[in-house]
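Student: Let me give you the structure first, and then I'll get to my questions.
The values are calculated or read from the model by the stated rules, or taken from the named source; none is laboratory data. Quick caveat: nothing in here was measured; it's all calculated off a predicted structure. Every residue, glycine among them, receives a Cβ derived from its backbone with ideal geometry; neighbour counts consider all protein chains shown.
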Amino acid sequence: MLSVTDVVKTFNSGDRTIKPVNGVSFTLEQGTFAAILGKSGSGKSTLLSLLGALDKASSGDVVVDEVNISKLPDRKLTAYRRDDIGFVFQQYNLIPNLSALENVMLPMEFAGVRHGERSKRAAELLNQVELTEEMHGRKANRLSGGMQQRVAIARALANNPKLILADEPTGNLDDETGELIIALLRQLAHEKKTTILVVTHDHALASQTDRKFRLARGKLTED
Ligand SMILES: Nc1ncnc2c1ncn2[C@@H]1O[C@H](COP(=O)(O)OP(=O)(O)OP(=O)(O)O)[C@@H](O)[C@H]1O
C-alpha cells in the first residue's frame, strides 16, 4: 500500500547542499508495523515528512494506495494529509485546553463529520486505545504522558487513515509506558490492518515491529 521509489530530498544551507534522503526505495504491505532506525540527524524525520506530504521530495515517487502523492496539486495534498494519514509525535501535540474527547473529534470536524457522529466515534476510539471513560472528559494537559499518547493515537485514527506515521512515539515515555504504546500500535496494525511506520531510536520498539529499516548517509537498508 506504500511504495517509495528513488526519493531524494536536498536542502541548501548557505553554500552547502545536504541530501539527508538520497535515493530511498522501499514498499510496505497493508497492515505492516515497520520501524526506521538511524542516528540523530540521519534524515528520519525528513523522510517521514515526505511520506506524510508535509514537505515535497526533490525527486522520486511516493505512492500511497495507488495515488502518487509526489504529483498531487497542493489542494489535494491537504485532503490527503487530513483523510489518508494519521500523525503521531513525540510531544503528543494535543490541544491542552480541550478534553481528550474533543481532541479526537477535531480532525473529524475538519473532515465535515456531523457532531453526534463525531462524539460517538471519538469515544469508541478512546475505548479502543484503552483510555478509561472517566478520562474522556479530562483536559489534555491534565493527563499523564502515556494517556496523552493514547489520545494522540486515537486522534490519528479519527478519519480512518490508510497509514499512520509516528515520529519517536515513545521518546517521552518511561520504558513500561512505552512498551504499552508499542503493543497498542502493533495491535492496531495487525487487527485493524492500518499500516504503521515509526521512526525511532528505541531498540525495544524496533524489536517489536514486523520490519526494521536503517537510514544512514541518505540510504535506507533493511535489517
Ligand atoms: N528545513 C531544513 N533545512 C535545512 N536542513 C534541514 C532541514 N530539515 C532538516 N535538515 C537537515 O537534514 C538532516 C536530517 O535531519 P532530520 O531531522 O531529518 O534527522 P533525524 O534523523 O530525524 O534526526 P533526530 O533523530 O535528531 O530527530 C540534518 O542535518 C538537518 O539539519
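Student: Can you tell me which residue within the stretch 9-67, out of those that are of a type in the set (K, R) and over 19 Å from H201 (Cα atoms), is surrounded by the fewest Cβ atoms within 10 Å (Cβ to Cβ)?
Tutor: So in the stretch 9-67, the residues of a type in the set (K, R) come out as 9, 16, 19, 39, 44, 56.
Then keep just the ones that are over 19 Å from H201 (Cα atoms); that gives 9, 16, 19, 56.
Details: K9: 22, R16: 7, K19: 15, K56: 15.
Filtering first and then ranking leaves R16.
Student: For the stretch 116-223, list the helices (runs of 4 or more DSSP H) that sit wholly inside it and hold at least 2 residues that are modelled with pLDDT of 95 or more and buried (at least 22 other Cβ atoms within 10 Å of the Cβ); which are they?
Tutor: 145-157
Student: Next question. Which one is nearest to the ligand (Cβ to nearest atom) among residues in the stretch 12-54 that are of a type in the set (D, E, K, R) and farther than 25 Å from E191 by Cβ?
Tutor: K44
Student: Give the residue that is farthest from E124 (Cα to Cα), with candidates limited to residues of the stretch 182-223 that are of a type in the set (S, T, Y), in contact (Cβ under 8 Å) with a residue 12 or more places away in the chain and away from the ligand (no atom under 15 Å from the Cβ).
Tutor: T209
Student: Let me spell it out: the conditions are (1) within 28 Å of D65 (Cβ to Cβ); (2) in contact with a strand residue (DSSP E or B) (Cβ under 9 Å, 6 or more places away or on another chain); (3) part of a loop (DSSP other than H, G, I, E, B), and G86 meets all of them except one. Which number is the exception?
Tutor: Tallying (1) within 28 Å of D65 (Cβ to Cβ); (2) in contact with a strand residue (DSSP E or B) (Cβ under 9 Å, 6 or more places away or on another chain); (3) part of a loop (DSSP other than H, G, I, E, B), G86 fails exactly one: (3).
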